[in-house]
Amino acid sequence: MSSAISILRGLKPRHEVHHEVEIVDGAFVSAAAVYSARCISDRFLPDKAIDLVDEAASALRLAQESKPDESESLEREIMTLQIELESLKNESDTFSVERKNKVEQELNEKREDAAALAGVWQTEEARLDKIKDVKRRLEEAKHQLAVAQRQGQFELTSHLRFSTIPELQRQLTTETRQIGMRSQLTEAVRRKPYAVILPDELGKAHKDVSMILLQILDERVITDSQGAYGRFEEYDYCLTSNFGSDFLAHASACNPKTAIVTPEARNEVMERTQEYFPQSSPTPSTQP
């Protein structure tokens, strides 16, 4: 069993690059090795465990490349409404006219929802493609490092080991961290769709967390790497931060009679906030 797990861990980078998915170590220990030994009696380790990982990674890749179930359901509903609208096209009685107007309104709403979900899905697809590209480049750099070491190319070896590979690993960690946070959020939202979100001291949060929060406020929906949706329409938000607190601490920041923040102080605070959240931050353009 232990030797099979060691072989699987050695094959992990190849499976990840080939199938363009991320495989956690627990999948080898609990799922692939243990369950294949327990449930598949006509094969031997490590072959049956390798086949199990290969099949699971292939299924996950197909799920990532397919449209989410919610988008496909909306497309089917739109098609049904279009067929009904076409059947009412030549009807002139009162009931048919009222039904036609209602169907047209519902069809427009469904199309807007479908366009919004398509925009979010395309954004997530682009993010996953970026992770796959970084993984591919990292695997190529590791292969080049092994070749350079065998051939005695010390300058190239040093550049790959201490510059190229660490930079690619840093990029991969940053991207996968954001995907992981999204997965936790979508799971929490599915379990509890009504809640109050209280992000305290927003300025101290990691930039990735802030960008996800901005997308939630703007789009009210996010997806994880599996295409699962988390909807935030029924959530209330209360954000705190210390942006511009140094301006607000001055006595001149408020009108002494009304205790209302002056326009000048407000502009200073907004400028400080825009420095933290630049207008050029990439966010999907469609909204549900």
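Other residues within the sphere of radius under 14 Å centred on the Cβ of Arg272, judged by their own Cβ, net out at -4 (K and R +1, D and E -1).
Here the simple spin-label model places points 7 Å from the Cα toward Cβ, and for Phe162 and Met1 these points are separated by 4.3 nm.
Length gain on complete extension for the stretch Glu234 to His250, per 0.36 nm per residue less the alpha carbon to alpha carbon distance?
Numbers: separation 16, 0.36 × 16 = 5.76 nm, distance 3.78 nm.
Gain on extension, Glu234 to His250, equals 2.0 nm.
Among residues other than Gly244 with Cβ under 13 Å from its Cβ, the summed charge is -3 (Lys and Arg +1, Asp and Glu -1).
Please arrange Leu11, Leu214 by how many other C-beta atoms lie within 10 Å of their C-beta, fewest to most. Display every interim value, and only then the final one.
Values: Leu11 18, Leu214 13.
If I rank by nearby Cβ atoms, fewest first, I get Leu214, Leu11.
In straight-distance terms, cross-link reach from Lys110 covers every one of the aspartates and glutamates whose alpha-carbon lies under 18 Å from its own, apart from those fewer than eight places away in the same chain; here that gives Asp69, Glu70, Glu72, Glu75, Glu77, Glu84, Glu86, Glu219, Glu233.
Within a Cβ distance under 14 Å of Pro166, other residues only, what is the Lys/Arg minus Asp/Glu net charge? Provide the component values of the computation, followed by the final result.
On the way: positive: Arg137, Lys142, Arg161, Arg170; negative: Glu167.
With Lys, Arg at +1 and Asp, Glu at -1, the net is +3.
Net charge dipole, the range 2-65: roughly 240 debye, given to the nearest 20, about the Cα centre with Cβ charges of +1 for Lys and Arg and -1 for Asp and Glu.
With the cut-off at 31 Å, tell me which of the pairs Lys12/Lys67; Lys204/Lys257; Lys130/Lys204 have Cα atoms farther apart than that. Listed pairs above 31 Å: Lys204/Lys257. Approximating the spin labels as points 7 Å out from Cα along Cα→Cβ, the Asp42-to-Met79 distance works out to 3.8 nm. The slack in the chain from Ser92 to Asp69, taken as 0.36 nm per residue of separation less the alpha-carbon distance, amounts to 4.6 nm.
Since every read-out is calculated from the coordinates, none of them should be taken as a lab result. Note that the coordinates shown come from a computational prediction; the quantities given were computed from them, not determined experimentally. Reconstructed Cβ throughout: ideal geometry from the backbone, glycine too, with neighbour counts over all protein chains shown.
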